[in-house]
Amino acid sequence: MAAVVLGTPASHAETAALPVTEIASGIFVHNGVHEEASAANDDAIANIGFIIGDKAAAVIDPGGSFAEGSALRAAVRARTDRPIRYVILTHVHPDHIFGAAAFRDDHPDFVGHAKLPGALAQRGDYYVRRLHETLGAEATGTEIVPPTVLVSDRLDLDLGGRLLTLRAHGPAHTDNDLTVFDQNTRTFWLADLLFVDRIPVIDGSLVGWLKQLDELTTISADRAVPGHGPVSVPWPAAAEPERRYLEAVAHDTRAAIKSGIGIANAYRQVANSERGNWLLFDEYHPRNVTASYKELEWE
Amino acid sequence: MGVTPSMLGRAALVFLLLGSALSGPARAEPTEAERMARWADLRHAIFGNRVVEDAGDLVAIDAPVRAEDAAIVPVAIRVAEMLAPEIRGLYLVIDNNPSPLAAHLILGPIADAREMATRVRIDDYTYLHAVAETADGRLYAAARFIKAAGGCSAPAGKDQALALERLGKMKLSLADRSRPDEPIRAKLLISHPNSSGLQMDQATRNYIRADFMQTLDVTYNGQQVFRLESDIAISEDPSFNFGFRSSNPGTAGVIKAEILDSSQRRFSQSWPVPAAAQM
């Protein structure tokens, strides 16, 4: 996908709309590609989208670059002229939130986890530099937009006849994960707390993530939206492969630490049975094990 | 603590080399000759005109050829059995890091210099140099090339709340001894961000203040095992593998670790070492 942005960053009119699928009434999701970020894909690698109510629309993750954010905005505008009142930032990772600047002219509330500002302070500059290195000219216009509304526990957003319940979670995929539950259609938007097909990335807490999964999977929903994978999956069944992978990493990493295997070599003996089950396994698994090792060696 | 030549060296090196090491990915990869010249400069900055001999088989660096995570690269310095008792200092230099002198270890007479290991940040493809210093002032250098990049500016802090809560806490694990006369080997973990000051707060446009461990003193029953002088190249939550010989392995003892960080915080912790089982 290469969204073409014409004119200055402020002009949205000529931007081609991002392809989206209506997975439930008024809920539209763009299917991210299972690749690493590149100039060819504009960092459009995550599932992102929007929900339309009677009075307003909410964007859930504005995408991985200004270009993708602009294309998502065009997709919203192709389906409704109601105001975009909320842009929800599910967590700090660039592929989800770096398109936020494309929505500035709409003056929405940018909604994020209470720990998102801290994470952006630590990482934002590095992420922006890396994105510009990776995407080159395709990254033009991409910048950090800090959240203007923070969620520390729960927050309901009213779109007019449609209530979205946001929840802030403890450290799991990152330390600033938000989920969104659409009450009307019982659709559970988990963002990167749920990976399907693409290997999960552990950037918060392995033990915390397993704990969150125990709790999340007790919530009943008609469908879920993963941050990576198909745009709509059955819930909670779709969480099982992720849980299995995380449990294997936890079990085998603990065993590696116990038997004195060093941090650099541990990944070779951890969760190898999972290799065939995930896309981008070799790109992310070693780092997942390093992160897990660092976490678990304190137990 | 007095100002040592190595501290002067480090400050000067940071000042002189920061610009070049941070100039981004667009620059050309240095040639082998340029890498050699850089080491010659660094060697001179750290050791002046002292003779630095090629260590041959006497000193080795153990590190992965390619690091999976440039912010957490395990590095071990090994000294040959015959030379180890004479060693009183170890230097770890990461040639292409913004602050190249990653660690200077001063070893006490009871230290087991055969192996010391830690984890470091590596900013760019680089040579690592380990230099071992004998009690009578001879210097032996070993080199190893490593492919890793971005470790110094890469963000750390996966769980910032936990990092604050655990700040300064330490964990020590002792390896099993198969014989009472063997050196005691230990792994020390320290919860500390050891942040590099090379990350920028996007909201304020200020660099996040560097906050790193300056010295770590480890003693056994009051005798020095080692003092570490270090800075931003040591990874978040520093880890050290070290060893020492107890003069009296039949009796229990106490390991103590004390830290002073760049924010002038002091942390210390002690652990009992049980008496070795009699043969």
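The values are calculated or read from the model by the stated rules, or taken from the named source; none is laboratory data. Note that the structure is a prediction, hence the values are computed from the model and not measured. Methodologically, a virtual Cβ is constructed for each residue, glycine included, from the backbone with ideal geometry; neighbour enumeration extends over all protein chains shown.
Restricting the search to the stretch B:169-182, which residues are more than 10 Å from chain A (Cβ to nearest Cβ) and either surrounded by 15 or more Cβ atoms within 10 Å (Cβ to Cβ) or free of Cβ contacts under 8 Å to residues at least 24 places away in the same chain (or both)? Please lay out each step first, then the result.
First pass over the stretch B:169-182, keeping only residues more than 10 Å from chain A (Cβ to nearest Cβ): B:170, B:172, B:174, B:177-182.
Answer for the stretch B:169-182, where residues must be more than 10 Å from chain A (Cβ to nearest Cβ) and either surrounded by 15 or more Cβ atoms within 10 Å (Cβ to Cβ) or free of Cβ contacts under 8 Å to residues at least 24 places away in the same chain (or both): B:MET170, B:LEU172, B:ARG177, B:SER178, B:GLU182.
Residues in the stretch A:201-217 that are touching a strand residue (DSSP E or B) at 6+ places or on another chain (Cβ under 8 Å) and within 14 Å of another protein chain (Cβ to nearest Cβ): A:VAL201, A:TRP209, A:GLN212. Every listed requirement among (1) closer than 21 Å to A:ALA172 by Cβ; (2) part of a helix (DSSP H, G or I) is met by A:ASP282 save one, (1). Quickly run through the stretch B:130-161 and pick out the residues that are surrounded by 20 or more Cβ atoms within 10 Å (Cβ to Cβ), more than 22 Å from B:ASP69 (Cβ to Cβ) and of a type outside the set (Gly, Ala, Ser). Passing the criteria: B:VAL131, B:GLU133, B:TYR140.
Here B:ALA142, B:ALA186, B:ALA163 are screened, and the one residue that is within 12 Å of chain A (Cβ to nearest Cβ) and of a type in the set (Gly, Ala, Ser) is B:ALA163. Among residues that are within 18 Å of A:THR90 (Cα to Cα) and either over 16 Å from the mean Cα position of the chain (by Cα) or not in a helix (DSSP H, G or I) (or both), A:LEU210 is not included. Scanning the stretch A:170-196 for residues that are surrounded by fewer than 24 Cβ atoms within 10 Å (Cβ to Cβ) and within 14 Å of chain B (Cβ to nearest Cβ) yields one hit, A:GLY170. In the condition set (1) within 18 Å of the chain's Cα centre (by Cα); (2) surrounded by 22 or more Cβ atoms within 10 Å (Cβ to Cβ); (3) closer than 20 Å to A:SER205 by Cβ, A:LEU131 is compliant with all but (3). Provide a single number: the residues in the stretch A:124-149 that are of a type in the set (D, E, K, R) and away from every other protein chain (no Cβ under 11 Å). Going through the stretch A:124-149 one residue at a time, the tally reaches 1.
Would the stretch A:206-228 turn up any residue that is under 30 Å from A:GLU297 (Cβ atoms), crowded, with 21+ Cβ neighbours inside 10 Å, in contact with a helix residue (DSSP H, G or I) (Cβ under 6 Å, 6 or more places away or on another chain) and in contact (Cβ under 8 Å) with a residue 60 or more places away in the chain? For the stretch A:206-228, residues under 30 Å from A:GLU297 (Cβ atoms), crowded, with 21+ Cβ neighbours inside 10 Å, in contact with a helix residue (DSSP H, G or I) (Cβ under 6 Å, 6 or more places away or on another chain) and in contact (Cβ under 8 Å) with a residue 60 or more places away in the chain: present. The set of residues in the stretch A:256-271 that are part of a helix (DSSP H, G or I), out of contact with any Pro (no Cβ under 8 Å at 6 or more places or on another chain) and in contact (Cβ under 8 Å) with a residue 12 or more places away in the chain comprises A:ALA256, A:ILE257, A:ALA266, A:GLN269.
Is it true that A:GLY32 is buried (at least 24 other Cβ atoms within 10 Å of the Cβ) and within 18 Å of A:PRO147 (Cβ to Cβ)? No, not satisfied. On inspection, B:THR134 does not qualify as touching a Leu at 6+ places or on another chain (Cβ under 9 Å) and under 21 Å from B:LEU188 (Cβ atoms).
Scanning the stretch B:140-172 for residues that are within 23 Å of B:ILE61 (Cα to Cα) and either modelled with pLDDT under 95 or in contact with a Phe, Trp or Tyr (Cβ under 6 Å, 6 or more places away or on another chain) (or both) yields B:ALA143, B:PHE145, B:ILE146, B:LYS147, B:ALA148, B:ALA149, B:GLY150, B:GLY151, B:CYS152.
Taken together, the criteria place A:SER292 among residues that are buried (at least 20 other Cβ atoms within 10 Å of the Cβ), among the polar types (S, T, N, Q) and farther than 17 Å from A:ASN47 by Cβ.
In the stretch A:275-283, is there at least one residue being basic (Lys, Arg), without any contact (Cβ under 8 Å) to a residue 12 or more places away in the chain and surrounded by fewer than 16 Cβ atoms within 10 Å (Cβ to Cβ)? First the steps, then the outcome.
Looking only at the stretch A:275-283, we keep the residues that are basic (Lys, Arg), and these are A:275.
With without any contact (Cβ under 8 Å) to a residue 12 or more places away in the chain added as a condition, the list becomes A:275.
Okay, now just the ones that are also surrounded by fewer than 16 Cβ atoms within 10 Å (Cβ to Cβ), so A:275.
The answer is yes; a qualifying residue exists.
Evaluation of B:TYR140 against the conditions (1) outside any loop (DSSP other than H, G, I, E, B); (2) under 28 Å from B:ALA210 (Cβ atoms); (3) of a type outside the set (Lys, Arg) shows that the sole unmet condition is (2). Among the numbered criteria (1) of a type in the set (D, E, K, R); (2) at pLDDT 95 or above; (3) under 17 Å from the mean Cα position of the chain (by Cα), which single criterion is violated by B:ASP136? With respect to (1) of a type in the set (D, E, K, R); (2) at pLDDT 95 or above; (3) under 17 Å from the mean Cα position of the chain (by Cα), B:ASP136 is out only on (3). Total residues in the stretch A:249-299 satisfying the condition of being more than 9 Å from chain B (Cβ to nearest Cβ), farther than 12 Å from A:VAL207 by Cα and hydrophobic (A, V, I, L, M, F, W, C): the figure is 11. Here the strands (runs of 3 or more DSSP E) wholly within the stretch A:61-160 that include at least 3 residues being farther than 16 Å from A:PHE28 by Cβ are A:109-113, A:149-151, A:154-158.
Would you check which residues across the stretch B:208-223 are crowded, with 16+ Cβ neighbours inside 10 Å and within 14 Å of chain A (Cβ to nearest Cβ) and list them? Answer for the stretch B:208-223, where residues must be crowded, with 16+ Cβ neighbours inside 10 Å and within 14 Å of chain A (Cβ to nearest Cβ): B:ILE208, B:ALA210, B:ASP211.
With respect to the conditions (1) surrounded by fewer than 19 Cβ atoms within 10 Å (Cβ to Cβ); (2) of a type in the set (Ser, Thr, Tyr); (3) touching a helix residue (DSSP H, G or I) at 6+ places or on another chain (Cβ under 8 Å), B:TYR127 falls short on a single one, namely (1).
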